[in-house]
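**Q** Right, I'll just put the structure down here and ask away after.
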Amino acid sequence: MSARDRETAEALVRLAASLDGAVLGLGTAAVAVASWVKYLAVSGQLRLVASAATASIGDARSLLRGDGNEPRIAAVRGYVRTQGSFLRAPFSSEAGVVVKHTQMCLFTEWRGIFGWTFDLHALLFRSWKEQIVTSFRAVPFVLASTELGNSTGVVHINVDEVDYQPLPLTTVFHKLIPLETTPYTLFQTIIGNGYPIALLDEEKILPIGKKITAIGLCRAKNAESVEITSCPEIPFFLSELTKDEMQAQLASRARILFWGSIVLGTLSVCLVGHAIYRGWKRIKLRREARQAQQMFEDAEDAIREDNSSDDDDDDVGDGQLCVVCLRKRRKAAFIPCGHLVCCCKCALRMEREVEPLCPMCRQDIRYMIRIYDS
């Protein structure tokens, strides 16, 4: 783990542990809610994929409803074939119906000359470090029942909005291009821990003859052929997976999201409940501390009054004398036992002991109160 990641993790742990874990509990609750929302979305996608009609390429017309203008979710599997035109990748010269050229900027880890960990580029331009699509080209193509030769039928694939969907592309070109240093690189070296060192250049194509599955909205293209376009509600459009494999993948993800949201939700309730209990306990202790302080002040006043009335204690009988000092009148009662056996000064001294016990019944003492004669 790099120094930046370690310090970031430490800061997150301190933040999560603040307020007796309430921040961690609320964060966990937010993740649980997000997981539940994703679970509902994936469950809807799973239902759509499960409801998709399937047919062979030669029997694709059976997927249509009525006159064929009403779209229907369907899935077909076949081989990629061109409609006469195709594309060639600029660097590899490989032929395909889809060509995607991407560049990824690679950054190095550096703490800076002064040991600072502040990364201005990572803070403001983090998304620029992600993969950047520099070009995307596609030509219309069809899925056929056979890779070569005459096919019993074809299904046309509409690629007008295919660039935002994940595609089963094959990498045909891969090159690492070093970057020259610039004055901005020197500035990044001084203040931050991350400056570009190279570009990863890649070319990917959808080759001719590859067997894939197309799932989406099926409608009639003309009187003889069928066309499939992408459906925004389905995470697949063109894939190497079969329909059953798509369902299994979505079902597995739905189960993970469901149980993950349940576990995280339970954990968040426990954490927030623990934080609330700790907060209530702290408030209770503060209230008891204020009460104890008030009782202490009252006891001090009682001791002063007791000292001022020492002259009145000369004619006190033996049954009214403090059992500790045997000199002053009994004027303090212990709570909760209620025994009136000590003067205020002795009662306060016993209350301040490490293990305050009543001298009469040896029961724990919570506090003492001053008793006034009527």
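**Q** So how much accessible area does residue 281 have, in Å² to the nearest 10, using a 1.4 Å probe?
**A** Accessible surface of residue 281 is approximately 80 Å².
**Q** Please give the solvent-accessible surface of residue 290 in Å², to the nearest 10, using a probe radius of 1.4 Å with every protein chain present.
**A** For residue 290, the solvent-accessible surface is approximately 150 Å².
**Q** Now, a different point. Under a crude label model (7 Å from the Cα following the beta-carbon direction), how far is residue 41 from residue 92 in nanometres?
**A** 3.1 nm
**Q** Using only the Cα atoms, what convex hull volume per residue in Å³ does segment 316-373 have?
**A** Working: hull volume 4.1 nm³, N = 58.
In segment 316-373, the Cα convex hull volume per residue is 70 Å³.
**Q** May I ask you to derive the FRET efficiency for residue 252 and residue 318 from their Cβ-Cβ distance with R0 = 56 Å, giving the value to the nearest 0.05?
**A** 0.05
**Q** With a 1.4 Å probe and every protein chain left in place, work out the accessible area per residue of segment 316-373 in Å², rounded to a whole number.
**A** 59 Å²
**Q** A follow-up question, please. Could you sort 246, 104 by their accessible area in this structure, using a 1.4 Å probe and putting the largest first? Please list the in-between numbers first.
**A** Numbers: 246 0, 104 65 Å².
Putting 246, 104 in descending order of accessible area: 104, 246.
**Q** Mind jotting down the distance between the C-alpha centroids of segment 261-278 and segment 84-108, whole Å?
**A** Value for the Cα centre distance between the two parts: 50 Å.
**Q** Sticking with this one: So if R0 is 35 Å, what FRET efficiency would residue 361 and residue 293 give, r being the distance between their Cβ atoms, rounded to the nearest 0.05? Numbers along the way, then the final one.
**A** Numbers: r = 27 Å, r/R0 = 0.77.
Approximately 0.85, to the nearest 0.05.
**Q** Something else about it: Set the bar at 24 Å for Cα to Cα. Now go through 100/210; 38/204; 281/331; 281/345 and name every pair that lies beyond it.
**A** 38/204; 281/331; 281/345
**Q** OK, next. Let me check something: with ligands and nucleic acids excluded, how do 156, 274 order by accessible area (1.4 Å probe), largest to smallest? Intermediate values should be presented prior to the final figure.
**A** On the way: 156 25, 274 85 Å².
Largest accessible area first, the list is 274, 156.
**Q** While we're on this one: Once the whole set of protein chains is in place, how much accessible area is left on residue 147, using a 1.4 Å probe, in Å² to the nearest 10?
**A** Solvent-accessible area, nearest 10 Å²: 90 Å².
The values are calculated or read from the model by the stated rules, or taken from the named source; none is laboratory data. What you see is a predicted model; the values in this text were computed from it and never measured. So basically every Cβ, Gly included, is an ideal-geometry build from the backbone, and we count neighbours across all protein chains shown. The area values use the complete protein model at the heavy-atom level, side chains included, leaving out ligands, DNA and RNA. Shrake-Rupley method; radii C 1.70, N 1.55, O 1.52, S 1.80 Å.
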